[in-house]
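Just so it is clear, none of the values below were taken in a lab; they were calculated from the coordinates. Here the structure is a predicted model, which means the values were calculated and not measured. Here Cβ is always computed from backbone atoms with ideal geometry, including for glycine, and neighbour counts include all displayed protein chains.
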Amino acid sequence: MNQDYIKPDNWSIIEEGFEAERVKSSESLFSIGNGAMGQRANFEEHYSGNTFQGSYIAGVYYPDKTKVGWWKNGYPEYFAKVLNAPNWIGINIEINGENLDLAKCKLVSNFRRELNMKEGLYNRSFNATLQNGIEIEVNVTRFLSINLDEVGVINYEVKLLNSDAKIIFNPYVDAGVHNEDANWEEKFWEPISVENTSNEAFVTARTFKTHFTATTFMQNTILINNSAQNINPIISEKTADKIAFSYEVSANKGQTASIQKIGGYTVSMNHQNTIEAAKNAIQKAVNIGYNQLLDDQKTAWAKIWEMSDITIDGDVKAQQGIRFNIFQLNQTYLGKDSRLNIGPKGFTGEKYGGSTYWDTEAYCIPFYMATKDQQVARNLLAYRYNQLDKAIENAEKNLGFKNGAALYPMVTMNGEECHNEWEITFEEIHRNGAIAFAIFNYYRFTGDYSYIPEKGLEVLIGIARFWHQRATFSTYRNQYVILGVTGPNEYENNVNNNFYTNYIAKWCIDYAVEQIGRVENEYPTDFTRIMNKVKLSQSEISAMKNAADNMYFPFSEEHDVYLQQDGFLDKDLVKVSDLDKSQRPINQKWSWDRILRSPYIKQADTLQGFYFFEDHFSKEQLEKHFDFYEPFTVHESSLSPCVHSIQAATLGRMEQAYTFYLRTSRLDLDDYNKEVEEGLHITSMAGTWMSIVEGFGGMRVKNDALHFEPRIPKEWNGYSFKINFRNQILKVAVHQNETNFTLEGETAISVFVNGKEILVEPNSLVTV
């Protein structure tokens, strides 16, 4: 582990003591968000040390032009950057003429940060001795309102400890920001206007190329000992993209001077006039008042936790890990806006670019289905339906496919492919399968079939057409093969017949054909509408089905396992346990060429197929494949430990399952991959939830009923979670010797525990 400075706590992330080398990591770990915007835990006051300033608005991006040679025709035209938004949190502090800067203070003591996950609040406090000898105590509270999702709030208090002093608060908003990963210090925001009234200021800027307009705003109130002061600011700085106010107060020793700052963003995605919208947002917040905004935040988060919390008894670090993951998922996406999706870094960093990966369908949808209203998951599915035309265009324009075949992008902001690695963009095509699987998974869990005739079938047909056209008939094998792909294991590029890709391609075609038949029989009006639109003939359906029925899967008779790809056994099969530890992680120690030739697996690949399609294989087959592939897996993807944890639990290997669980739940808190300063691994956090609910809890949906095979690590006394299953909420509490079920709903439901059916009545306790 890289770090171990976060204090164990059931409900909070806590850092004690100021260490400059930890600042960037903590900026990631203490990030806050509300689904519409997010903010790294940068200091409000000026900090001259090493920092990664980052604030982000959902859906706002910049298309960074990609240039490659003619030999890569079809290469994506741009790489989408997640944009660092204008800075609204800035409050420089001057005391008797000296700027507060933690990098330059004589002494910093009692430094403490707390991310209160229960209430959605970020607090920072410290004592500092300035170069001029003045001692102060600072206490800062910050939150992004769940209810007013364009509004953030800061309460910044300065207490004088050893002297009277003149304190100047310099709050500002600044659109002159840089991206951490920008080339040549380029800027992405074009300033449009800077306006101000008495205590309010508005900086409006527009992104180059994409022309998103955002007004960044602030309103300030100055207080002495919690009593509001009627102070009009001086404009201390005003440029084309920045405005700063100056509020001067004289305070006595022992007094506390504070500034309450309301800030945030209004964007052209939601408003025609972003300045007027900003004024309205301020007015709403001011009318509510700081104390009520604070109380409303606590109430809103209590409601979120009521449904999504997982409790763990007897293991504080495990409890802290799962709550941190659930908290960050809810900060990133709340399901209010179907135009938005879940980016791999959320609002905590800029790495990877784009907002949508296959992670959403493969890992995140199960979490949102079970912890929110099913409409949230429906919105995530609709996001892909709304981009179907772009997926068809992507397959046609970039790869030469025809007749409505759809290849969904590996990475996207608006439906267009915007990744910048060829092997990922046009070889890692298995993501198409995850999108189809999500439609199946949604129906399996919710029982809401209506989505398929309304929207889903068109997506399934486009994906099935792609697989049919992408497969090649091999006269040598007398079967269909899929050549030149990259599976989930990105440490193998351009391989032939990746088992997972071939398997999910076959399944996608079979599932699409099955749904075509059902919609024809049960929804004839929708069927006619869809067929008129997609122009799918019976002969094409038959040809697709023939490809699926005759799909080739590489198999080793010697090992009795499906091979990850045709050439896997040609590799030097040295297990990870026999690798010198100095060579790990291999993605930081080895050349890409060496990695590609090695047997090492970044994340579940063949085993990803066994996870999705568990009921297609026996437990003996799972065990055999797990024992063959896991020893070659280096788990250098954040998505890896959760799948392996679930499968280890399924096989009854609780010690191994627990180890994988800790790794996925504390991936960022303990910085396993030594990269947390770049941002958090948001999408893999859903895997943490899955590893408890599906792994330890053994939850599955079979034949419209919930099934459980509860298991518990020896380190825990008990754990509990809730499942929103078809509008009824089932609470499951697992202990070492028993499992309890309670139901919030109106109708009794049958659940299966270790294969035995039990009836759970509303508002009663059933113990198994």
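Between the beta carbons of Ser474 and Ser582, assuming R0 = 51 Å, the FRET efficiency works out to 0.75 to the nearest 0.05. Once the C-beta distance of Glu137 and Asp313 is scaled by a Förster radius of 30 Å, the resulting FRET efficiency is 0.25 to the nearest 0.05. Extension gain, Leu483 to Lys303: 0.36 nm times the residue separation minus the Cα-Cα distance gives 59.9 nm. The helix-based estimate of mean residue ellipticity at 222 nm for the chain, built from -39,500 (n - 2.57) per DSSP H run of four or more residues and divided by its residue count, is -9000 deg cm²/dmol to the nearest 500.
Here the convex hull built on the C-alpha positions of the chain has a volume of 173 cubic angstrom per residue.
Give me the orientation-averaged projected area of the Cα convex hull of the range 90-134, in nm², one decimal.
Result: 3.8 nm².
Could you line up His644, His419 from fewest to most neighbouring Cβ atoms inside 10 Å?
If I rank by nearby Cβ atoms, fewest first, I get His419, His644.
Under the convention that each Lys and Arg Cβ holds +1 and each Asp and Glu Cβ holds -1, the size of the dipole of the chain around its Cα centre is about 740 debye.
The modelled label-to-label distance for the pair Leu573/Lys402, using points 7 Å beyond Cα in the direction of Cβ, is 4.3 nm.
What relative contact order, as a whole-number percentage, does the range 697-768 give when Cα pairs under 8 Å and 6 or more residues apart are counted? 26 percent. Protection proxy ranking of 697-706, 552-561, 319-328, 719-728, by the mean of other Cβ atoms within 10 Å over each peptide's residues and highest first, is 319-328, 719-728, 697-706, 552-561. Extension gain, Gln621-Phe555: 0.36 nm per intervening residue step, less the Cα-Cα distance, totals 22.5 nm. Among the listed pairs Lys209/Lys535; Lys7/Lys336; Lys261/Lys345; Lys284/Lys674; Lys397/Lys624; Lys7/Lys238, those whose Cα-Cα separation exceeds 31 Å are Lys209/Lys535; Lys7/Lys336; Lys284/Lys674; Lys397/Lys624; Lys7/Lys238.
Of the residues Ile712, Asn727, Val760, the one whose Cα sits farthest toward the positive end of the charge dipole of the range 697-768, with +1 on the Cβ of Lys and Arg and -1 on the Cβ of Asp and Glu, is Ile712. Note on Asn226 and Glu614: the model spin-label points, each 7 Å out from Cα along the C-beta direction, lie 5.2 nm apart. Among 33-44, 475-486, 626-637, 5-16, sorting by the average number of other beta carbon atoms lying within 10 angstrom of each residue, highest first, gives 33-44, 626-637, 5-16, 475-486.
On the beta carbon distance between Asp510 and Asn717, with R0 = 60 Å, the FRET formula returns roughly 0.85. Remark: spin-label model distance Asn99-Leu765 equals 6.0 nm, labels positioned 7 Å along the Cα→Cβ axis. Between Leu651 and Lys535, residue separation times 0.36 nm minus the direct Cα-Cα distance comes to 37.2 nm. Charge dipole (Cα centre; +1 on Lys/Arg Cβ, -1 on Asp/Glu Cβ; no other charges) of the range 440-508 amounts to roughly 240 debye.
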